[in-house]
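Bear in mind that the values in this text are calculations on the coordinates, not laboratory data. In this text the structure is predicted, and so the values were computed from the model without any measurement. We place every Cβ from the backbone using ideal geometry, glycine too, and count neighbours over all the protein chains shown.
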């Protein structure tokens with residue numbers, strides 16, 4: 001069958017918050033490991049329970065600031081989209097967030113957030129002494145606890161050798177600022193494993209790996225995961241993006257569980273393919289701000305929820321038949 | 001015994017399938033065959049309805065079909081009544097539905113049809129309007145200045161205020177299903193275990209042995225003596241990191257990042273340099289005023305400034321010369337046009 005989305009949230013043992021606090025009841029029994037094949041998978045036997053914790057504020061786990069790098073290896077899988085949506089979701093959940101666009105040559109995070117006209121200074125100007133750090137941070141007017149910092153302007157150049165060190169200084173400076181230390185520092189990593197990647201992962205202590213269910217993206221994701229682990233980043237979770245349930249049903253696309261079996265990483269979220277992504281990019285409004293919310297926006301919200309509590313997915317959703325409404329008006333689409 | 005509504009049903013099919021002339025010709029025959037009289041009120045009303053509908057639909061039927069129908073009718077009249085009845089049955093299409101006619105049925109049917117038509121039209125109109133004006137369209141790119149075009153509309157900004165009260169997400173009673181955005185999903189467990197994660201981690205640590213570089217060097221540079229060669233990342237000369245000379249010291253850059261208050265370093269440095277320059281200029285002016293006659297002071301200032309300008313353009317870097325030019329221009333604007341012409 002086709003796993004598409006996930007809503008279950010179970011506290012990670014490494015979380016500083018006891019699991020009893022987060023989940024009063026033991027909601028999931030860990031299923032026995034078994035080999036999974038797309039055609040023979042039937043989840044009915046396992047006692048799966050879903051807990052949607054929409055009714056409470058997530059409790060922040062880990063030391064602040066949580067420096068999270070969002071990376072993939074392959075380009076075009078949705079790193080920047082994930083950064084924008086998860087970042088704004090975290091801001092809406094009440095946490096202060098600083099998003100850093102570490103893509104030196106090809107920055108796009110400001111476009112997705114609709115802040116492109118407000119970026120006057122970047123980290124390069126801060127390093128050169130043209131402005132202070134607080135002047136380079138662009139505060140989002142929709143959610144004032146969300147700030148954006150771009151590394152450089154398209155034609156400006158970052159001084160050689162400063163890349164990684166500059167971001168470490170930046171994190172240290174944000175820790176000691178007067179407004180208080182931000183809860184999350186999200187770093188949008190450029191594609192590839194070049195100098196930009198090295199720069200972006202330098203200050204991070206956890207990583208979110210964005211991948212799509214195709215073998216090219218999975219190979220790059222596996223390599224990037226290996227490099228992150230070699231660098232000492234052990235808390236790596238993945239987001240499977242652009243999942244198409246219809247193609248999974250026809251066995252033209254790997255399922256989420258197949259992806260997880262290949263990479264061996266904990267799942268932070270599964271994002272379905274959504275045409276609203278392009279519309280939201282055009283508008284400069286991330287998906288999570290859409291009203292009514294879209295399926296992709298809801299999935300990003302849940303991923304952000306899990307990121308706060310350092311949770312991982314323990315169950316994925318399997319799409320069933322659309323809900324039947326029946327009646328005369330359903331014929332007309334009402 | 002057949003009743004008039006049954007005849008109405010048969011004639012309805014005639015209307016839909018055959019020509020008006022044939023039907024008009026056959027209707028009295030059929031009635032005669034079944035012993036019906038035209039004096040019946042219902043029959044009379046039916047006939048009027050027939051005539052209306054026949055006029056509406058009669059043009060689409062070819063004349064050949066009408067001729068063959070009349071020919072059949074003539075043949076049927078020649079036989080016995082039972083044969084005529086069989087002929088009528090065979091010439092007519094099969095009966096698909098029967099409308100039992102009640103008083104006021106026409107009004108109800110008409111009302112339903114009109115309501116449906118209005119509903120469908122309204123639905124189509126709203127759908128078309130939604131297609132033509134979707135949020136997040138190219139018009140938003142125009143609004144944001146990304147597209148150079150005329151303004152094609154401004155979409156309303158949407159905000160989703162409450163993340164903790166989402167009516168679009170409903171959990172099933174047994175927590176095994178969830179309904180999101182109108183679709184019901186069943187939950188399936190994740191099969192990855194801690195042991196499998198550890199196996200993957202060991203595999204990757206064996207496959208990808210990597211040490212993060214701490215220094216970027218251009219391909220033509222030499223490695224500094226105190227740097228581990230394994231920690232150097234060689235980058236091509238056209239890389240963004242490599243195309244800029246390190247014109248600022250590392251310590252100074254770090255200080256700039258840590259600066260919380262006050263004027264930024266470069267702004268302050270430029271301001272101080274300009275201040276020094278102005279002070280120097282003012283000192284020179286004072287000195288000159290001590291020596292030179294006041295009557296010739298203006299002329300002397302101008303020649304002195306032009307000399308200074310020529311020396312600045314020869315020796316100073318470009319941005320400083322531009323600033324000195326700016327100060328020159330400002331002083332020139334202070335002077336009168338007559339003086340400019342004199343010089």
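Mean partner shielding of peptide A:127-139, defined as the number of other chain Cβ atoms within 10 Å of each residue Cβ, is 5. Packing order of peptides A:205-213, A:81-89, highest average first: A:81-89, A:205-213 (average count of other Cβ atoms within 10 Å over each peptide's residues). Each residue in B:261, B:271, B:239 was given a count of other beta-carbon atoms within 10 angstrom of its own, and listing them fewest first yields B:261, B:271, B:239. On the basis of the beta-carbon distance and an R0 of 41 Å, residue A:291 and residue B:227 show a calculated FRET efficiency of 0.15. Both radii come from the Cα set of the stretch A:150-239: Rg as radius of gyration, Rh as Kirkwood radius; their ratio Rg/Rh reads 1.00. For the segment B:211-224, counting C-beta atoms of other chains within 10 Å of every residue's C-beta and taking the mean gives 3. From the alpha carbon centroid of the stretch A:219-281 to that of the stretch A:163-197 is 24 Å.
With both labels modelled 7 Å from their Cα along Cα-to-Cβ, the residue B:209 to residue A:275 distance reads 5.2 nm. Need one value for A:261-270: mean number of C-beta atoms belonging to other chains within 10 Å of its residues' C-beta atoms. Across A:261-270, the average partner-chain Cβ count within 10 Å equals 3. A Förster radius of 51 Å, combined with the Cβ-Cβ distance separating residue B:281 from residue A:177, puts the computed FRET efficiency at roughly 0.80. Residue ranges A:184-197, A:302-315, B:216-229 sort as A:302-315, A:184-197, B:216-229 when ordered by packing (mean number of other C-beta atoms within 10 Å per residue, highest first). A simple packing score, the average count of other Cβ atoms within 10 Å per residue, orders the peptides B:280-286, A:260-266 as A:260-266, B:280-286, with the highest score first.
For residue A:194 and residue A:252, the FRET efficiency from 1/(1 + (r/R0)^6), where r spans their Cβ atoms and R0 equals 30 Å, is about 0.40. In plain terms, the chain from residue B:124 to residue B:260 could stretch by 43.0 nm, reckoned as 0.36 nm per residue minus the Cα-Cα distance. Counting other Cβ atoms within 10 Å as a rough exposure proxy, the listed residues A:107, B:203, B:266, B:128 run B:128, B:203, B:266, A:107 from fewest neighbours to most.
Sorted fewest first by neighbouring Cβ atoms within 10 angstrom, B:125, B:185 come out as B:125, B:185.
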